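Here you go, one structure.
The values are calculated or read from the model by the stated rules, or taken from the named source; none is laboratory data. Keep in mind it's a predicted model, so treat the numbers as computed, not measured. Because the Cβ atoms are built from the backbone with ideal geometry, glycine has one as well, and the counts that use them run over all protein chains shown. When the accessible area is computed, the model is the full protein with side chains, heavy atoms only, and any ligands, DNA or RNA have been set aside. Shrake-Rupley method; radii C 1.70, N 1.55, O 1.52, S 1.80 Å.
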Amino acid sequence: MRIIKYFDNDKESIIAMNIFDSIIASVYYPWQLDRIEVFISDSSRCDVFLENNIARIFISKKNKFIQERDKKGIEILILYKLYSLILKLHGYDYSRIDVHIEREKKILSCIEDFLVSRKLARNFFDLIFYKKFHELSSITVDNFFNWFKANLSWLVFYKIDNYYEQYLKDMAKMKTPSHFQISCDIFNFIKKLINIGKEFEIESVRQIILELRRININF
């Protein structure tokens, strides 16, 4: 397998690519790919694609961790990209799920982030907590989407790490205005999927979307 890197000669990009080199060498995974292409650019594009045995990883220099040269943050950012790719290699490509409206695309993206983070949390719980803490710190809970995203932060650690789960749960609660009252049934539904070990399945994610339609929350 070949690794092809595209990046500018600025300090932020060099730091990020050096960390990528270190991490890809330490992730012991049988990459059955022709090549992995890694892009670090000024574009806001920040995603992972898999097509015809070629993986493309896009990392934006606009990311806060890269702008601040936060090596710990960059480390988890790159691990996140690689684990997203690993899930896709195992057939968990959530973009295959049909959604009918634009807001459901945002929710689907949020669920995918939760699942990649949860996969990471099993081996890198300190690093994923660092990422989730920073994300939750910057969220203003003023709509359903942000409320959903904030609470998925603690659900990442459900049955993995009780301390981090409770810490982020308390943090999400503190950031939620008292008048913002929504049923937590959707999280109980996700917990049921976790309890039977089915949270990563394509059909399970489809069920979460259908459940959100059923309770008919305007997000």
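Would you check if there is a residue in the range 96-112 being over 27 Å from residue 180 (Cβ atoms), modelled with pLDDT under 95 and of a type in the set (D, E, K, R)?
yes
So residue 36 ticks every box in (1) out of contact with any Phe, Trp or Tyr (no Cβ under 8 Å at 6 or more places or on another chain); (2) part of a strand (DSSP E or B); (3) of a type in the set (A, V, I, L, M, F, W, C); (4) farther than 17 Å from residue 87 by Cβ but one. Which box is left unticked?
(4)
Give the residues of the range 140-156 that are β-branched (Val, Ile, Thr) and closer than 17 Å to residue 103 by Cβ, sorted by residue number.
Across the range 140-156, the qualifying residue is only 141.
Of everything in the range 193-212, what is open to solvent by 40 Å² or more (accessible area, probe 1.4 Å) and either closer than 24 Å to residue 83 by Cβ or in contact with a strand residue (DSSP E or B) (Cβ under 8 Å, 6 or more places away or on another chain) (or both)? Give them in sequence order.
195, 196, 197, 198, 201, 203, 206, 207
Moving to a separate point now. Filter the range 1-25 for residues that are open to solvent by 40 Å² or more (accessible area, probe 1.4 Å) and of a type in the set (Phe, Trp, Tyr) and give the result.
6, 7
If you don't mind, there's one more thing I want to ask. Going by the structure shown, is residue 166 more than 20 Å from residue 207 (Cα to Cα), of a type in the set (S, T, N, Q) and without any contact (Cβ under 8 Å) to a residue 12 or more places away in the chain?
Judged against the criteria, residue 166 is not a match.
Matching residues to (1) touching a strand residue (DSSP E or B) at 6+ places or on another chain (Cβ under 8 Å); (2) open to solvent by 30 Å² or more (accessible area, probe 1.4 Å); (3) modelled with pLDDT under 95:
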| position | (1), (2), (3) |
| --- | --- |
| 129 | no, yes, no |
| 142 | no, yes, yes |
| 147 | no, no, yes |
| 214 | no, yes, yes |
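If the Cβ limit is 8 Å and pairs must be 6+ apart or interchain, which residue in the range 112-139 that is more than 28 Å from residue 207 (Cβ to Cβ) pairs with which residue that is among the charged types (D, E, K, R) and outside any loop (DSSP other than H, G, I, E, B)?
As it stands, the answer is 127/72; 127/75; 130/72; 134/64, since those pairs meet every condition given.
Residues of the range 57-101 being open to solvent by 60 Å² or more (accessible area, probe 1.4 Å) and either in a loop (DSSP other than H, G, I, E, B) or farther than 23 Å from residue 111 by Cβ (or both), which ones?
62, 67, 68, 69, 71, 72, 75, 90, 98, 100, 101 - these are the residues of the range 57-101 that are open to solvent by 60 Å² or more (accessible area, probe 1.4 Å) and either in a loop (DSSP other than H, G, I, E, B) or farther than 23 Å from residue 111 by Cβ (or both).
Residue pairs, Cβ under 8 Å, 6 or more apart or interchain, first in the range 179-190 and over 15 Å from residue 169 (Cα atoms), second in a loop (DSSP other than H, G, I, E, B) and open to solvent by 70 Å² or more (accessible area, probe 1.4 Å). List them.
Partner pairs satisfying both residue conditions: 180/142.
Would it be correct to say that residue 28 is among the hydroxyl-bearing types (Ser, Thr, Tyr), farther than 17 Å from residue 66 by Cβ and open to solvent by 70 Å² or more (accessible area, probe 1.4 Å)?
Yes, satisfied.
For the range 187-194, check the following and say yes or no: at least one residue is over 16 Å from residue 107 (Cα atoms) and in contact with a Ser or Thr (Cβ under 8 Å, 6 or more places away or on another chain).
Yes, some residue in the range 187-194 is over 16 Å from residue 107 (Cα atoms) and in contact with a Ser or Thr (Cβ under 8 Å, 6 or more places away or on another chain).
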